[in-house]
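One structure follows; several queries about it will come next.
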């Protein structure tokens, strides 16, 4: 089976707009305040990067303390998921790394989280963004008729 390539028909503007915005902010700071303005913008950008890095480390540290692919309730996870969220957001919700179901380093990436009742949610990520997910709930075991006590 060949690996599917992500659909790049719509351009990912975040990859372009964030660097362009940083450069434009730096140029505006230079024009207004020269080097002190550039220093202020640079320190703000470094703080922004450190906040994102700290959040990522916190999410991964919490996920490291739990078994891989476990979630408290697959039904609640299913209710909270929405299209377009990134993998880090899903890991933060589940507080666990998902079990990789697809081949490593191929697109789309498929991860699964299972709860104690053997219900599981299988999520498909394309380019790191959630595109679809499926909830599976096992059929309840049929209870035999209760015995009468004599």
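Condition first: more than 16 Å from the chain's Cα centre (by Cα) and either surrounded by 11 or more Cβ atoms within 10 Å (Cβ to Cβ) or in the same structural domain as residue 98 (by TED's automatic domain parsing) (or both). Now tell me which residues in the range 37-64 satisfy that.
Keep residues of the range 37-64 that are more than 16 Å from the chain's Cα centre (by Cα), which gives 37-51.
Residues satisfying the conditions are 37, 38, 39, 40, 41, 42, 44, 45, 48.
Within the range 119-141, which residues are within 23 Å of residue 65 (Cα to Cα) and out of contact with any helix residue (DSSP H, G or I) (no Cβ under 9 Å at 6 or more places or on another chain)?
122
Of everything in the range 109-135, what is surrounded by 16 or more Cβ atoms within 10 Å (Cβ to Cβ) and assigned to a loop (DSSP other than H, G, I, E, B)? Give them in sequence order.
Selection gives 115, 119.
Determine whether residue 38 is assigned to a helix (DSSP H, G or I) and modelled with pLDDT of 95 or more.
yes
The values are calculated or read from the model by the stated rules, or taken from the named source; none is laboratory data. In this text, all values refer to a predicted model and were calculated from it rather than measured experimentally. Virtual Cβ from ideal backbone geometry, glycine too; neighbours counted across all protein chains shown.
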